[in-house]
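The values are calculated or read from the model by the stated rules, or taken from the named source; none is laboratory data. The model shown is predicted, which means the values in this text are computed figures rather than measured ones. With ideal geometry, Cβ positions are generated from the backbone for all residues, glycine too; neighbour counts draw on all protein chains shown. To get the accessible areas, we keep the full protein, side chains included, count just its heavy atoms, and leave off ligands, DNA and RNA. Shrake-Rupley method; radii C 1.70, N 1.55, O 1.52, S 1.80 Å.
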Amino acid sequence: MTVLTADWLLSDTLAPQVEGDPLAPLYAGSDRGELVLPFCAACALPLDLDQQVCDGCGAAEITWRAVEPTGTVHSMTVMHRREPGLVVAAEPYPILDVELASGHRLIMTTRTHPSSLPRIGDPVAVAFRNLGGVAIPSADLDPAAPPTTEASS
Amino acid sequence: MTASDVALVGLGMTAMSLSPGRAPQELAREALGLALADAGVTHGDVDGLLVGSSQGIRPDRLGVAFAAQGGFSDLRLLEHVEIKGATTIAMIQRAALAIETGVARTVVCVFADAPLVAGKGAGSAYAHSGGQSGVRGLERASGMLGSVPTYALLAQRWMHLSGATADDLCAMATTTRAWALGNPAAVVRTPLDAEGYLASPLIAEPLRRLDCARPVNGAVAVVVSGDTGLGHPVRVRVRGSGREHPVRHRRAGAESWFGGGRRAVDDALAAAGMSRSDLDVAELYDPFSVVTLMLLEEYGLTDGRTAGEFVRAGETGPGGRLPTNTGGGQLSGFYLQGMTPLAEAVIQLRGDGGERQVAGASTALVGGIGGRLDHHAALLLERAA
């Protein structure tokens, strides 16, 4: 029997496209429990997720590799509007813009419903939540907390 | 021909509707007809057409097929212009350039949008758009639904860096509403005080519903001409313009939303031979209250004060030193992207502002931004003597 864990926040219909997607290496890494992000293959500058050519040296070859899953909060909001049909959480939820130790920035919510919220500049660890079978990087504010909803199939 | 001969000589606006209804093409057709009539010209006088539309919300957005749909004959200039919220100013720049170089004589710029569809509110329509691929797909899978949370993150960061407060947002929203009271075309015309503002629900902290623009279904068309023998009796000259496209990267240890825009304003002023103290009104792109505050500072319009101080002192309101978003802006007037500030500038410079008319307004700065403050455009307009 496979145990599927439903996401605490969003409907499975928001699961990202993975196959053929420009971010496929990120999702493949996330599935292995690794935070995988793009760098310039020539000068190792951290690149935007959809960047095709390095703005530092002009090289067009990109290397995706695992990075340290830690960072600090660049900005943070609490989303009070919960779109019916897309958001399943019953309470307002956080969205964080995180500066990663690797030099990248990544938008994420939290792995589970958070017991408290970080402020700008606070450190965060990155883990993963499961949305419709796709592992999504998320801030792990409560490492001991289990995923909130479980269903069996 | 000199740049100062190019003028906005016709303006047509549909009613701005908060209800679902007509398609963008139908709205564009109405605005076009009104603009041609306002300018006293016919289709046959027009040899250029520029169209603009918003991205993503609906598939049947306005495009170059409007040349045929809108009843035009052969044209010398036809383009769909697209740099997000800075599109309207880019259209005016494109039209002016074509006229100055002799490519065309009279160009119509049309923007139409109809994001409101049956069965969904505006917030819902935007929340459901954006798709599941690429960076946007990952952001949406992280709860970034619609455009409000994007600007909420930007607002939180800006407030963290600048020391601006929720009181500043409140002052901006209530001041902008004060202008809307005098604008019959504004979709929200009830007085708003701090208490009413604070009663507005939070959408994404720190932004409340009343910090957010009101999307409408509507269209605006503008006739731009270098022919001094035609058009509305009050010509609104294009005196200068500028653009700035800061190419931003999202990296740790750096900002990715701030800076940019001042050079666009500097260039527009320089072309006009004017300084900031010459500006009678400022019509800025204000999808969120925080954006107006940021732009007032970035454009260098606050006399060295913080934007919050400037606004709370009444400088942007009726009777202030720099009346700003005098039709209620996108917050309380209507959100038709860059056409909102452009149309209001034309109305003010013609002296047609009625209850909200700024006495003696003869120069206007029009601002445009696109994306996540990635594109800046500025336009300097002056009523012809």
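Taking the centroid of alpha carbons for each part, segment B:291-366 and segment B:201-273 are 12 Å apart. When the alpha carbon gyration tensor of the protein assembly as shown is reduced to an equivalent ellipsoid, its three semi-axes come out at 42, 25, 23 angstrom, largest first.
Against the main long axis of the alpha-carbon atoms of chain B, helix B:24-39 sits at an angle near 60°.
Projecting the Cα atoms of B:Val41, B:Ala313, B:Gly63 onto the dipole axis of chain B, where Lys and Arg carry +1 and Asp and Glu carry -1 at the beta carbon, places B:Gly63 farthest toward the positive end.
Heavy-atom accessible surface of chain A, averaged per residue, reaches 44 Å², computed with a 1.4 Å probe. Residues in segment B:165-221 average 37 Å² of solvent-accessible surface per residue, probe 1.4 Å, ligands and nucleic acids excluded.
Using a 1.4 Å probe on the protein chains only, how many percent of the accessible area of the protein assembly as shown belongs to carbon and sulfur? Don't jump to the answer; show the numbers that get you there.
Details: 10070 of 19910 Å².
With neighbouring chains kept in place, the figure for the protein assembly as shown is 51 percent.
In this structure, the amide hydrogen of B:Arg208, modeled 1.01 Å from its nitrogen in the peptide plane, lies closer than 5 angstrom to those of B:Ile203, counting only residues at least 5 positions away or on a different chain. Build a GNM of chain B with springs between Cα atoms under 10 Å: which of B:Arg250, B:Arg61, B:Arg350 gets the top mean-square fluctuation? Maximum among the listed residues: B:Arg250. Over chain B, calculate the relative contact order: mean separation of alpha carbon pairs under 8 Å at least 6 apart, over the residue count, as a percent. After rounding, I find 24 percent. The long axis of helix B:87-100 is offset from the longest Cα principal axis of chain B by roughly 30 degrees.
Computed about the Cα centre, the dipole magnitude for segment B:242-381 is approximately 380 debye when only Lys and Arg (+1) and Asp and Glu (-1) carry charge, each at its Cβ. In this Cβ point-charge picture (+1 for Lys and Arg, -1 for Asp and Glu), segment A:3-152 has a dipole of about 240 debye about its Cα centre. Helix B:262-272 and the long axis of chain B differ in direction by around 30°, with both axes built from C-alpha atoms.
Summary of packing: across the peptides B:284-292, B:45-53, the per-residue average of other C-beta atoms within 10 Å ranks them, highest first, as B:284-292, B:45-53. Counting only other chain Cβ atoms within 10 Å of each residue's Cβ, the peptide A:99-111 averages 4.
Buried area at the A:B interface is about 3500 square angstrom, summed over both chains, from accessible surfaces computed with a 1.4 angstrom probe. From Cα pairs below 8 angstrom and at least 6 apart in sequence, can you work out the relative contact order of segment A:3-152, rounded to a whole percent? Normalised by residue count, the contact order of segment A:3-152 is 30 percent. Ligands, DNA and RNA are left out, and with a 1.4 angstrom probe the accessible area of segment B:298-349 is 24 Å² per residue.
Computed 3J(HN,Hα) for segment A:60-65, one whole-Hz value per residue from the Karplus formula 6.51 cos²θ - 1.76 cosθ + 1.60 where θ = phi - 60°, is 10, 9, 10, 10, 9, 8, glycine and proline marked x. For chain B, the ratio of Cα radius of gyration to the globular rule of thumb 2.2 N^0.38 Å stands at 0.92. Across the options A:Gly71, B:Leu210, B:Gly182, the greatest Cα extent toward the positive end of the charge dipole of the protein assembly as shown (unit charges at beta carbon of Lys, Arg, Asp, Glu) belongs to B:Gly182. In sequence order, segment B:176-193 has phi-based couplings of 5, 5, 4, 5, 4, 4, x, 10, x, 7, 5, 8, 10, 10, 9, x, 10, 10 Hz under the Karplus curve 6.51 cos²θ - 1.76 cosθ + 1.60, θ = phi - 60°, and Gly or Pro positions carry x. Projecting the Cα atoms of B:Ala152, B:Ala104, B:Gly134 onto the charge dipole of chain B, computed from C-beta unit charges around the Cα centre, puts B:Gly134 farthest toward the positive end.
Mean per-residue shielding of peptide B:129-135 is 5, counting Cβ atoms of other chains within 10 Å of each Cβ.
For chain B, a simple Cβ point-charge model (Lys and Arg +1, Asp and Glu -1, everything else neutral) yields a dipole of about 720 debye relative to the Cα centre.
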